[in-house]
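The values are calculated or read from the model by the stated rules, or taken from the named source; none is laboratory data. The structure displayed is predicted, hence computed values, not measured ones. Virtual Cβ from ideal backbone geometry, glycine too; neighbours counted across all protein chains shown. The protein model used for the area step is the full one, side chains on, heavy atoms only, and it has no ligands, DNA or RNA in it. Shrake-Rupley method; radii C 1.70, N 1.55, O 1.52, S 1.80 Å.
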Amino acid sequence: MIKGKKIYLRPIVKEDIRFLNHWKNDEDTYKYLGGGFMPVSKDQQEKWMDAMIDTTGTNKRFIISDNEDVPVGLVGLYSIHWIHRTCEIGIYIGNKSAQGKGYGKEACRLIEQFARAYLNLRKIKLNVVNDNEAAVRMWQDLGYEKVGEYQAERFIQGEYKDVILMEKFI
């Protein structure tokens, strides 16, 4: 486990399907994420679980749990490039009652520390939908800098949205 003050990060286990599937099927949770919102059955998602659990490759995903052991979201490092020492980051807080408590920010700080101290990574990149103002603000507060923008990149609720490219040297 990767322990913080209000939350900790732990590896995903197969039993997490009940939370992950609920969150995956929530439009508000998934509409701004890279894969977009697309409801999926528990049966279909179970087929992906082995890949989500696997931390031996270039993706490292963790469940975010509060100190009462309640899963509240997911954070991950993706597309790790071992030569360039870079990766991408993604996060969501799927548990609605846990939103706005700083868990996302703390989870990002924890995974950044893990990436630097144990994976020897040096830079983390991300894409964030411009309209997702809370996420843009969080990334800025965490020290990520805008390095570019894709125009009309993602189709969300009937409209194409711009996506901001950000990065941080850790």
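With 20 Å as the limit on Cα-Cα distance, the pairs of Lys3/Lys24; Lys60/Lys105; Lys60/Lys161; Lys5/Lys123 that go past it are Lys3/Lys24; Lys60/Lys161; Lys5/Lys123.
Return the carbon/sulfur percentage of the accessible area of the chain, one whole number, probe 1.4 Å, all protein chains in place.
Details: 4450 of 9360 Å².
The C+S portion of the solvent-accessible surface of the chain is 48 percent.
How about segment 40-92: which trypsin sites (Lys or Arg not before Pro) there lie in a loop by DSSP and see at most 14 other Cβ atoms within 10 Å?
On the way: sites: Lys42, Lys47, Lys60, Arg61, Arg85; in loops: Lys47, Arg85.
In loop regions of segment 40-92 (DSSP not H, G, I, E or B), the sparsely surrounded trypsin sites (Lys or Arg not before Pro) are Lys47.
Shape class for segment 21-97: prolate, because the ratio a/c of the largest to smallest gyration tensor axis (alpha-carbon atoms, square roots of eigenvalues) is 1.5 or more and a/b beats b/c.
Inter-part distance, segment 21-86 to segment 115-153, computed on C-alpha centroids, equals 17 Å.
Hey, what do the phi angles of segment 48-63 turn into as Karplus ³J(HN,Hα) couplings, whole Hz, using 6.51/-1.76/1.60 and θ = phi - 60°, x for Gly and Pro? Whole-Hz 3J(HN,Hα) from phi for segment 48-63: 8, 4, 4, 5, 5, 6, 5, 10, 8, x, 9, 10, 10, 10, 9, 7. Put simply, the amide H of Val72, placed in the peptide plane, has neighbours under 5 Å in Ile64, Ser65, Asp66, leaving out anything fewer than 5 places away on its chain. Rounded to 0.05, the FRET efficiency of the Thr56 and Arg122 pair, given R0 = 22 Å and the Cβ-Cβ distance, is 0.55. Applying the Karplus relation 6.51 cos²θ - 1.76 cosθ + 1.60 with θ = phi - 60° to segment 18-35 yields 3J(HN,Hα) values of 5, 6, 4, 5, 4, 5, 4, 8, 9, 4, 5, 6, 9, 4, 8, 6, x, x Hz, where x marks Gly and Pro.
Of all aspartates and glutamates in the structure, the ones whose alpha carbon falls short of 19 Å from that of Lys146, not counting any fewer than 8 places away in one chain, are Glu88, Glu112, Asp131, Glu133, Asp162, Glu167. The amide H of Arg154, built 1.01 Å from its N in the peptide plane, has Lys161 as neighbours under 5 Å, considering only residues 5 or more places off or on other chains.
Per residue of the chain, the DSSP helices (runs of n ≥ 4 H) give a summed -39500 (n - 2.57) that works out to -7500 deg cm²/dmol at 222 nm. For Cα Rg over 2.2 N^0.38 Å, one of (1) 1.08; (2) 1.28; (3) 1.00 was computed from the structure I shared and the rest are decoys. Which label? Answer label, from the structure shown: (3). Once C-alpha pairs closer than 8 Å and six or more residues apart are averaged by separation and normalised to the residue number of the chain, the relative contact order reads 18 percent.
Using the Cβ-Cβ distance between Lys146 and Asp43 with R0 = 35 Å, the FRET efficiency computed as 1/(1 + (r/R0)^6) comes to roughly 0.30.
Just check segment 54-145 against the gyration tensor rule for me: Cα atoms, a ≥ b ≥ c as the square roots of the eigenvalues, rounded for a/c under 1.5, and otherwise prolate or oblate depending on whether a/b exceeds b/c. Intermediate results must be reported in sequence, preceding the final value.
Details: a/c = 1.97, a/b = 1.29, b/c = 1.52.
Oblate, since a/c reaches 1.5 and b/c is not below a/b.
Using the 1.4 Å probe convention, the accessible area of segment 1-62 works out to 61 Å² per residue with neighbouring protein chains retained. Of the GluC sites (Glu not before Pro) in segment 1-86, the ones in a loop by DSSP (not H, G, I, E or B) with at most 12 other beta carbons within 10 Å are Glu68. Normalised by the number of residues in segment 1-89, the average gap of Cα pairs under 8 Å and 6 or more apart makes the relative contact order 26 percent.
Couplings 3J(HN,Hα) for segment 163-168, derived from phi with the Karplus relation 6.51 cos²θ - 1.76 cosθ + 1.60 (θ = phi - 60°), are 10, 8, 9, 10, 8, 8 Hz, where x marks Gly and Pro.
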